[in-house]
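Colleague: Got a structure for you, written out below as structure tokens; questions coming shortly.
The values are calculated or read from the model by the stated rules, or taken from the named source; none is laboratory data. Being a predicted model, the structure only gives us computed values, none of them experimental. All Cβ positions, even for glycine, are placed from backbone atoms using ideal geometry, and neighbour counts span all protein chains on display.
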Ligand code: HEA
Ligand code: HEA
Ligand code: CUA
Ligand SMILES: [Cu+2]
């Protein structure tokens, strides 16, 4: 692919990709590989970040099995399951957006991304409802804990884990939504084409990670 | 090296190239916003050197205070802040970025025949993250006066009146920088090798950086999480690590060492890579057991992840865990031993020139084996019960971190100085300071092994009188060490401007980085080289190859 | 290893090791010599070899070429296996000693140790307590149960080569057998704040007879020393232990078979005997013997329940050998000791000292 030629726009999108950075000149395939590989490595670091929290969860669960049982029963299974479905579906629409962008169908990709962002927003709203409920009940971490329905020792600890894990995850949802917004805008401007769709792919990968982490959090917090 | 060697071998005085990365843009902006990996390396170098100076000053304050058993020059609280400052600055600000971010940034692309790293912009971001984190941590420590030690053990760190928040945030931000650098290196090595450079023709420094980068990427997120948890805990009193609230202080130790033990290999692996390069260059010999050295870098990186529990032998850990962590620690020792034996094998039948870097190589070998074997001694569970948290441990890690890693850093600094700046330094002074440093080093830290044996705990502001003689010896030794470093700073500073012009390859090295002019052009190579021979090949065949002239000092 | 050759005192002095005042010190030092000598030999050899090669293979001309030398398989195998074998030998010896330290002998005498910023306190189950001075008998195993009031400390006696971290809200244990009467320094080895370097205490090792006499003396003087006894810290050493014991007993499922309600109200018969008033109760066994339920018996009942069966019960109780850690076992014993029908709400008793006086 000639990198220097001007970028021509058609109804489907740009035909030529943006120029390959100078140090990859003559080897756009390697650059593409680099971008994708870099993203995967970054996702690995994210997984390790959460892995540390899961270890914390495991330790405190063994320390306070009863409190964790009781607390899990106080979480709304309905809201949790709804959120899981929301995220799973949004992962699907993001994957479809990626597919469309790859084939230069920028408009389709745009709408699909919009739907995904909306579902992310829905997830956050439901999370907010859950948080409000917790604040009302006093089911809070550490020394803020004032929830009478958990009698076994270790209740405050459950909520430390709960708020830390879901809070960190919510932060990731927000970052993921911003990324999706950014690529959606670029879709609107028809920037992607069969030779250039890495931003959609990477934002999508990030969103799948957000989903994946939730797939772990959901059973640990709500089901077990 | 004598200054005449370079020009004489070239058959005429070497000329300083007209265009190179240093004069390609001279505005402040062209430095501070540069995307050139070589300039970013120099940005790192300047901050890293300032950090080392600061850390060294704190060390000298510590040593002065310990001259007498009672209070000497500072108060207890100041002392406690001082070793915290010293540890945090030396580890997070100096040693972790030192070799990878300086020499790695500068030479990794050149050594694989690339024009830059994979993501130059992220590279600059990484520098500024490091800089911001360093400033934040320093400010926090000087301002709030953190007094927890660099290990931040809970519940002390979450209950102490001294603020730890900014320091933890600083460490967190520096962690991000470290991750970005590692990620960049891995991707660069995978995607930017020039045609002809296969995996098994990579210089060993690159293998070492590769192993390092894997650890950086996989271990650092955990320290990020720990920093966040401790920060949240000291701000809101969540109680994650606070036993009074059902938390678990030992969990903190596990998470902390899960990062910090692999982190010691982030420090030592790059230094090992430097030694592989320099030992081959100064003995003009192919690396003995190239693949064993390369593989053991990966071996250390991998096994190093599972040894963290050897810092917890006295914490009430179960005997089974202790045994498992001990055996794994010993496996790391075996991988290191492979390297040591192969380096010594490299000298066999070589053509060795005694230069200042070679003196550092000899120092490195001795200190690494002694420091490493005392590490194994510490991992021998029953012995650690006596030594844990005594000066024996302090001596162990200074033997590796000052003894081995700084020797590696200095060997690299002297070896690559002509390449980076195009000039050579004064060999005589270099040998004098090398001698002072090796001597001063032994005088500083051998007494500390004995102090540990005698039972002096670390982080002691005051100590029983029976420990005084050894402390005086150690303080005396440390002043020799300081003089040695100051001499280096002077003659290298002088050489930057007034040193004789080096020419492209003053050492007659066959490393790929010597195939380009010194200092290199911004694009790294004027003429795209071909890589017909492996990087450490000094056989008749390779040196005489007319197509491959770089080893001739032209 | 030739023990006699290495066991020489000059080597210990050369290495600045303190005197050996416990059984553990002797065996640790022997390994220490082995390890340190190997270390010195190997690092010396490496340095010397590098130096020798420099003389032997000096560079003779600029641009000299050298043959490519590659290691043989044998060399690499040796490079791996020799260090591995040496290291594993150290490990095997060291781990043996460590395991010994992890398992205190059953007849050890207990002492409770509490660290707080910045002092050490000691309490004996059946008598006195003290601040800063620990009296122990020579040639008898002593088990320490350690805990902290605030942050982490580490209890360190260099002359015994002994160290154990002391954690808040948790019990750790270690033990030693002192060999020589004398005074030895205790240091705090885990950084714990401003006065960390001054958190010292003394162990006074007495000859066994002298120790017994000392203990009697102390018990007699207890009433006079009521001020020290009122020290709330000393109460909490054991108070916490009792609570921990209660938790362990719940977790381990002891209470499925044993009742902790006052025996009088306990109409429903349990699978096992009630724990209320069990401590010091004369118990009739199936063999017809009667024994008094002291600490040793309680411990044995958990570890080897079928050794002595209480008359009227089945040998149903599972063994808890290996399932409960040392400190947990001790905590359960303390908990059982605290269950008395005459105490107001079956609350944990305040401390061991008063108990002894009440008898
Ligand atoms: C760069 C830094 C670095 C490196 C590389 C190492 C390497 C090792 N370290 Fe070290 N260590 C630290 C830095 C480092 N350490 C620090 C900073 C601390 C203290 C932290 C704190 O508490 O503040 C510490 C503490 C520390 C402890 C805890 C001590 C305590 O607090 O009680 C232990 C215990 O096992 C240990 C073990 C080891 C081992 C087994 C290695 C191994 O990797 C060493 C392997 C190398 C060799 C073994 C040498 C080569 C061998 C040969 C040539 C053998 C030939 C031999 C024969 C043929 C017999 N280290
Ligand atoms: C990379 C790591 C590193 C380095 C290099 C050093 C270097 C030194 N350290 Fe450090 N040290 C640590 C890491 C390091 N240390 C850590 C992690 C701890 C534990 C902290 C804790 O307990 O939490 C520790 C603790 C520690 C203690 C124990 C304190 C205590 O427990 O109470 C002591 C005591 O002697 C000490 C001494 C020294 C000395 C004398 C040096 C000397 O080698 C320093 C000599 C250097 C100089 C004097 C600087 C001179 C420099 C220049 C002039 C500029 C040069 C410029 C160019 C070359 C261009 N250190
Ligand atoms: Cu208590 Cu240090
Ligand atoms: Cu370690």
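Colleague: If I filter the range C:31-58 down to residues being over 38 Å from the mean Cα position of the chain (by Cα) and under 26 Å from residue B:294 (Cβ atoms), which single residue comes out as farthest from the other protein chains (Cβ to nearest Cβ)?
Modeller: Within the range C:31-58, the first condition is being over 38 Å from the mean Cα position of the chain (by Cα), and the residues that meet it are C:45-58.
Still in the list and also under 26 Å from residue B:294 (Cβ atoms): C:45-47, C:49-50, C:53-54, C:57.
On the way: C:45: 8, C:46: 5, C:47: 4, C:49: 5, C:50: 5, C:53: 4, C:54: 5, C:57: 5 Å.
The extreme case among them is C:45.
Colleague: Select from the range C:76-111 the residues that are touching a helix residue (DSSP H, G or I) at 6+ places or on another chain (Cβ under 9 Å) and over 24 Å from residue B:324 (Cβ atoms) and write down the one among them that is nearest to ligand 3 (Cβ to nearest atom).
Modeller: C:110
Colleague: Follow-up. Would you point out which residue out of C:73, C:85, C:92 is closer than 29 Å to residue B:510 by Cα and more than 7 Å from chain B (Cβ to nearest Cβ)?
Modeller: Working: C:85 fails: closer than 29 Å to residue B:510 by Cα; C:92 fails: closer than 29 Å to residue B:510 by Cα.
Exactly one of C:73, C:85, C:92 is closer than 29 Å to residue B:510 by Cα and more than 7 Å from chain B (Cβ to nearest Cβ), namely C:73.
Colleague: Just one of B:464, B:457 is within 16 Å of ligand 3 (Cβ to nearest atom), in contact with a strand residue (DSSP E or B) (Cβ under 6 Å, 6 or more places away or on another chain) and at negative phi; which is it? Let's see the steps before the verdict.
Modeller: Numbers: B:464 fails: in contact with a strand residue (DSSP E or B) (Cβ under 6 Å, 6 or more places away or on another chain).
When all the criteria are applied, what remains is B:457.
Colleague: Let me confirm something: among A:44, A:71, A:51, A:58, which residue is in a helix (DSSP H, G or I), within 14 Å of chain B (Cβ to nearest Cβ) and farther than 30 Å from residue A:153 by Cα?
Modeller: Values: A:71 fails: farther than 30 Å from residue A:153 by Cα; A:51 fails: farther than 30 Å from residue A:153 by Cα; A:58 fails: farther than 30 Å from residue A:153 by Cα.
Matching residue, one of A:44, A:71, A:51, A:58: A:44.
Colleague: Still on this structure: Suppose the filter is within 18 Å of residue B:139 (Cβ to Cβ), away from every other protein chain (no Cβ under 11 Å) and surrounded by 21 or more Cβ atoms within 10 Å (Cβ to Cβ); does residue B:88 pass it?
Modeller: On the way: within 18 Å of residue B:139 (Cβ to Cβ): yes; away from every other protein chain (no Cβ under 11 Å): yes; surrounded by 21 or more Cβ atoms within 10 Å (Cβ to Cβ): yes.
Yes.
Colleague: Return the only residue of B:296, B:291 being within 28 Å of residue B:357 (Cβ to Cβ), surrounded by fewer than 24 Cβ atoms within 10 Å (Cβ to Cβ), modelled with pLDDT under 95 and away from ligand 4 (no atom under 11 Å from the Cβ). I'd like the intermediate steps shown before the answer.
Modeller: Working: B:296 fails: surrounded by fewer than 24 Cβ atoms within 10 Å (Cβ to Cβ).
So the residue among B:296, B:291 that is within 28 Å of residue B:357 (Cβ to Cβ), surrounded by fewer than 24 Cβ atoms within 10 Å (Cβ to Cβ), modelled with pLDDT under 95 and away from ligand 4 (no atom under 11 Å from the Cβ) is B:291.
Colleague: Among the numbered criteria (1) surrounded by 15 or more Cβ atoms within 10 Å (Cβ to Cβ); (2) at pLDDT 80 or above; (3) more than 22 Å from the chain's Cα centre (by Cα); (4) within 14 Å of chain B (Cβ to nearest Cβ), which single criterion is violated by residue A:38?
Modeller: Failing condition for residue A:38: (3).
Colleague: Moving on to the next point. Looking at the range B:169-201, which of the residues that are away from chain A (no Cβ under 14 Å) and under 29 Å from residue B:138 (Cβ atoms) is surrounded by the most Cβ atoms within 10 Å (Cβ to Cβ)?
Modeller: B:174
Per-residue answers, yes or no, for (1) within 8 Å of chain C (Cβ to nearest Cβ); (2) under 23 Å from residue C:18 (Cβ atoms); (3) surrounded by 24 or more Cβ atoms within 10 Å (Cβ to Cβ):
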| site | (1), (2), (3) |
| --- | --- |
| B:371 | no, no, yes |
| B:382 | yes, yes, yes |
| B:386 | yes, yes, yes |
| B:391 | no, yes, yes |
| B:398 | no, yes, no |
| B:406 | no, no, yes |
| B:410 | no, no, yes |
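Colleague: Here's another thing I want to ask about it. So how many residues does the range C:95-112 have that are within 13 Å of another protein chain (Cβ to nearest Cβ) and within 15 Å of the chain's Cα centre (by Cα)?
Modeller: Just the residues of the range C:95-112 that are within 13 Å of another protein chain (Cβ to nearest Cβ), to begin with: C:95-104.
Still in the running and within 15 Å of the chain's Cα centre (by Cα): C:97-104.
Of the residues in that region, 8 qualify.
Colleague: Looking at residue B:451, is it outside any loop (DSSP other than H, G, I, E, B) and in contact with a strand residue (DSSP E or B) (Cβ under 8 Å, 6 or more places away or on another chain)?
Modeller: On the way: outside any loop (DSSP other than H, G, I, E, B): yes; in contact with a strand residue (DSSP E or B) (Cβ under 8 Å, 6 or more places away or on another chain): yes.
So residue B:451 passes the test.
Colleague: Quick one: which of A:166, A:181 is closer than 18 Å to residue A:50 by Cβ and not in a loop (DSSP other than H, G, I, E, B)?
Modeller: Values: A:181 fails: closer than 18 Å to residue A:50 by Cβ.
So the residue among A:166, A:181 that is closer than 18 Å to residue A:50 by Cβ and not in a loop (DSSP other than H, G, I, E, B) is A:166.
Colleague: Output the residues belonging to the range B:31-61 that are surrounded by 13 or more Cβ atoms within 10 Å (Cβ to Cβ), more than 17 Å from residue B:99 (Cβ to Cβ) and either without any contact (Cβ under 8 Å) to a residue 60 or more places away in the chain or within 15 Å of ligand 2 (Cβ to nearest atom) (or both).
Modeller: We begin by selecting, within the range B:31-61, every residue surrounded by 13 or more Cβ atoms within 10 Å (Cβ to Cβ); these are B:31, B:34-45, B:47-61.
Narrowing further to those that are more than 17 Å from residue B:99 (Cβ to Cβ): B:31, B:34-36, B:39, B:53-54, B:56-61.
Matches in the range B:31-61: B:31, B:39, B:53, B:54, B:56, B:57, B:58, B:59, B:60, B:61.
Colleague: Next question. Filter the range B:493-528 for residues that are crowded, with 21+ Cβ neighbours inside 10 Å and more than 11 Å from residue B:422 (Cβ to Cβ) and give the result.
Modeller: B:505, B:507, B:508, B:509, B:510, B:511, B:512, B:513, B:514, B:515, B:516, B:524, listed by residue number.
Colleague: Now for a separate question. In the range B:69-80, what residues are in contact (Cβ under 8 Å) with a residue 40 or more places away in the chain, more than 16 Å from ligand 3 (Cβ to nearest atom) and either within 30 Å of residue B:209 (Cα to Cα) or in contact with a helix residue (DSSP H, G or I) (Cβ under 7 Å, 6 or more places away or on another chain) (or both)?
Modeller: B:69
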